[in-house]
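See structure below.
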Amino acid sequence: MSFTVPANLEGEIDELISHYPVKRAASLMVLHAIQEHFGWISQEAVEWTARKLDLQPINVYELVTFYPMLRQEPMGKYQIKVCRTLSCALGGAYELHQHFCGKLGLDAHKHGPQTTQDGKFTVEFIECLASCGTAPVMMCNDDFYEGVSHAKADEILGGCK
Amino acid sequence: MSTAATTETKPAPAAIEKIMVKVDGREIEVPRLMADWSGKLTPTTMIQACELAKTDVPHYCYHPKLPIAGNCRMCLVEFGTPALGPDRKPILNPDGTTKIAKSPRPAIACATPVSPGMEIYTNTPGVKQMREGVLEFLLINHPLDCPICDQAGECKLQEYSVDYGQSASRFVEAKVHKPKVVDLGPRIMLDDERCILCTRCIRFTKDIVGDDALGIVNRGSFNTLTAFPGKAFDNNYTLNTVDICPVGALTSKDFRFQMRVWFLKETRSVCTSCATGCNILIGSREEKIYRYTPRENDAVNGPWMCDYGRLNYKWIGRADRLKDVLVRNVGQASSLSHSQEKSETGRMPVLHSKVTWTAALSEIADKLKNAPAGSVAIVASARQTNEELWLISKLKAKLGAISDSISRTGAGDKLLVSTDKNPNTNGAQLTGVAANSMGTNLPKIADGIRTGKIRTLIVFGEDVTRHGIGVDLLGKLETLIVSDILPNATTELAHYLLPGCAHAEKRGTFTNTKGRVQKFMKAVEPPGDARPEWEFLHDLVYNVTGQDGFLTIEGLFNEMAQDVPAFNGLTWANLGDTGVTVKT
Ligand code: SF4
Ligand code: SF4
Ligand code: FES
Ligand code: FES
């Protein structure tokens, strides 16, 4: 698979790198820029980034695998992120997550984000969204939802076209 | 004349201030600064002080020759420092001793510098509890598969578990499963479930070898050691990671499942694959060699060795090793031979017949004694030992022979590997067997044979047909005396073939590229009638020159040391285990 970075993205990345005293310090920003453009970070993208920053691929790969928000595979069109930190866990986050997975035919017990076969939905747990008082909370892409009941969850799914 | 031999490898460093600390109540003076992994002087750490006090502090991630990581927490100790009053002066106890303020928190001994008056406690109930805690934590996801693990018997996890572990696990949850039997590189197999994430292997390959190939991916209990997917962990030093991995995560493909380590006999020896002469331990059992591992010698190889040298041992056990003393049946060779004897199948003539050492050596001695001066030439390998080369030099002197060795070069590197692939080039030079510029006498020897001036050739450990003295020239010789370990075109044509020993089968010394004279011991018995070259050379020299020498390697070495200027002052005993550097 060939991986090419369009000239304008590479320009943007070069500019980003110029903000840092050492190239390696720009690693995360470069990865964000790449994910912004491609939606995920492929192995080729990791190698490209390493070359760009004069690093070894393993150095970048460590970062990509450390942060769950850096995606190692293509994600669904709609990304459902259920908070599972303490308040939400007590408020029914696991049941909510289970509900989504049940509806979408996903295995709730698998580690990490789960994506439907048609690539439409990704469901995953995330940590505290700083809205603990209105648990359980979730996000669908960039939209934030509070006090999500199962009925509300179905409504949210229904709104995803 | 030579300068005195010395054991110093570097000029003595400037005096370093000493400070007093206490380890478990015992006062000890330690230098304020000590060499770190790279040899740079840095403040002495608690673990170094404890080592000087001969107090063992259990540790996983700390390795004296690697940068400090401080991640395993196994080395936690308690400590205190002199309590200071408002005047910044130490407060005294009523009895006049210094009052110690005990730190409320422990510290990792591997990364905490000592200070004057510091007290380190390594055996308190608190320290014991911390060690137990760390171990229990490390074992949470460990597969506990010691019965099938190659590291068993030399595993730090196993050892410390005996000291600080619980007999039963309190962990009832499901263990995290990680990749097993991971093919990390051509020589390394990884079991991620056994890895305790100490990062020793990562630091070794990055900071020592300069190949930043390994890393830890994922987070928390999913942390996994790996190379970048699709990229093999393949440099010439990868097997050192197997040695330094404190557990059985990294195993050598060559050694895994071959032998339990507690059955291995370990013999101090030296690698012969290049002129660096890395110090090694030969692991053998019942006359079979199973592995080489590096033996620490800071004047030569530190704790490391290269993969090539480590794996270059299989030839020693080859089935086609020369095992018999043979004389050639055809030509004008030997009274001991049976001319044109038929083989058992009755077709091919048998080229050689088997004789005893005594018969062969006395006949060779007679021939050499009667050889006109200048009619003998010697080619002796720079893979022979100092003692052997010295005995050969005595023959050379007596016979007025021309002699040389064969140089062997290849790629070297910055870490250990030398471009000189002979283990004893310096020995061949110092004993005068090799020409000043090694190999320049070979064409002269070839010419001598061609013109008929040289009628006897003695060859030790080389196939001269590959170095300008071809089969046609060898055919012109009256007498060809060859000693070797494995068969080759030269041994085929020998009138007298004397089976010799690999270094692992005898004792002796080599002089490495930096002039370090290093001894090696015998690990296994040679096959068949093969004998250490120095033994039969000794007999031969006695028969030819009438000079008696010593029948032990110690005596022989000491006699050589008196005779060869560069070795003056050396004795077998004072070489110790790590050798002595001489001026070359
Ligand atoms: S493989 Fe061994 S040396 Fe490497 S991090 Fe794991 S335990 Fe440490
Ligand atoms: S560097 Fe040379 S002496 Fe050392 S292990 Fe490698 S081949 Fe042997
Ligand atoms: S715990 Fe869910 S928002 Fe804080
Ligand atoms: S040895 Fe000190 S933290 Fe690992």
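The values are calculated or read from the model by the stated rules, or taken from the named source; none is laboratory data. All values derive from a computational prediction rather than experimental measurement. In this analysis, Cβ positions are derived from the backbone assuming ideal geometry, glycine residues included, and neighbour counts consider all displayed protein chains. Remember, those area values only see protein heavy atoms, side chains included, never the ligands or the DNA or RNA. Shrake-Rupley method; radii C 1.70, N 1.55, O 1.52, S 1.80 Å.
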For the protein assembly as shown, count the residues as N, evaluate 2.2 N^0.38 Å, and divide the Cα radius of gyration by that value, please.
1.27
Distance in nm between pseudo-label sites at residue A:141 and residue B:571 (7 Å out along the Cβ direction from Cα):
8.8
For region B:170-179, take each phi angle, set θ = phi - 60°, evaluate the Karplus expression 6.51 cos²θ - 1.76 cosθ + 1.60, and give the result in whole Hz per residue in order, putting x for glycine and proline.
8, 7, 9, 6, 6, 6, 6, 9, 10, x
Might you report the magnitude of the Cβ-based charge dipole of chain B about its Cα centre, with Lys and Arg at +1 and Asp and Glu at -1, to the nearest 20 debye?
760
Please state the relative contact order of chain B as a whole percent: Cα pairs under 8 Å, 6+ residues apart?
12
Just to be sure I understand the model, the point goes 7 Å from the Cα along the line to the Cβ. What's the resulting residue B:358 to residue B:529 distance in nm?
1.3
Calculate the length of the line joining the C-alpha centroid of region B:413-442 to that of region B:506-584, in whole Å.
17
Below 16 Å, Cα to Cα, which aspartates and glutamates can residue B:175 reach? Residues fewer than 8 away in the same chain don't count.
B:136, B:145, B:191, B:192, B:193
Per residue, how much accessible area does chain B have with a 1.4 Å probe, in Å²?
45
Taking the alpha-carbon centroid of each part, what is the distance from region A:37-89 to region B:196-261 in angstrom?
24
Answer rounded, prolate or oblate for region B:1-160, using the Cα gyration tensor with square roots of eigenvalues a ≥ b ≥ c: rounded when a/c is under 1.5, else prolate when a/b is larger than b/c, else oblate.
oblate
Links that overshoot a 28 Å alpha carbon limit, given the list B:180/B:265; A:23/A:110; B:206/B:519; B:253/B:288; B:128/B:253; B:476/B:506:
B:180/B:265; A:23/A:110; B:206/B:519; B:128/B:253; B:476/B:506
Taking chain B as the reference, fit the longest principal axis to its C-alpha atoms, fit the long axis of helix B:125-139 to the helix C-alpha atoms, and give the angle between the two in degrees, 0 to 90, nearest 10.
60
Taking only Cα atoms and a 10 Å spring cutoff, compute GNM fluctuations for chain A and point out the largest among A:106, A:90, A:31.
A:90
Hey, what number do you get for chain B at 222 nm if only DSSP H runs of n ≥ 4 count, each worth -39500 (n - 2.57), divided across all residues, to the nearest 500?
-6000 deg cm²/dmol
To the nearest 10 degrees, the tilt of helix B:533-545 (Cα long axis) against the first principal axis of the alpha carbons of chain B is 40
Restricting to aspartates and glutamates and to Cα separations under 19 Å from residue A:103, and discarding same-chain partners fewer than 8 apart, the set is A:95, A:118, A:124, A:154, A:155
Considering lysine pairs in region B:18-123 that are 8 or more places apart or on different chains, how many have Cα atoms under 14 Å apart?
5
By a straight-distance test (C-alpha under 13 Å), which aspartates and glutamates pair with residue B:396 as possible cross-link partners, with residues fewer than eight away in the same chain excluded?
B:388, B:404
Given a Förster distance of 41 Å, the FRET efficiency implied by the Cβ-Cβ spacing of residue B:287 and residue B:102, rounded to the nearest 0.05, works out to 0.10
Using DSSP, restrict attention to beta bridges with both residues in chain B and report what percent are antiparallel, rounded to the nearest 5.
75
Taking alpha-carbon centroids only, region B:65-86 lies from region A:91-161 a number of Å equal to 46
Please give the contour-minus-distance gain from residue B:83 to residue B:15: 0.36 nm per residue of separation, less the Cα-Cα distance, rounded to one decimal in nm.
21.6 nm
Unpartnered Cys in chain A, judged by a 4.7 Å Cβ-Cβ cut-off, are A:101, A:128, A:132, A:140, A:160
Report, in degrees rounded to the nearest 10, the 0 to 90 angle that the Cα long axis of helix B:442-451 makes with the longest principal axis of chain B.
10
Would you be so kind as to identify which of B:146, B:537, B:361 lies farthest towards the positive end of the dipole of chain B, taking Lys and Arg as +1 and Asp and Glu as -1 on Cβ and the Cα centre as origin?
B:146
Looking at the protein assembly as shown, what % of its DSSP beta bridges pair antiparallel, to the nearest 5?
70
Three-way shape label, chain B, alpha-carbon gyration tensor, a/c 1.5:
prolate
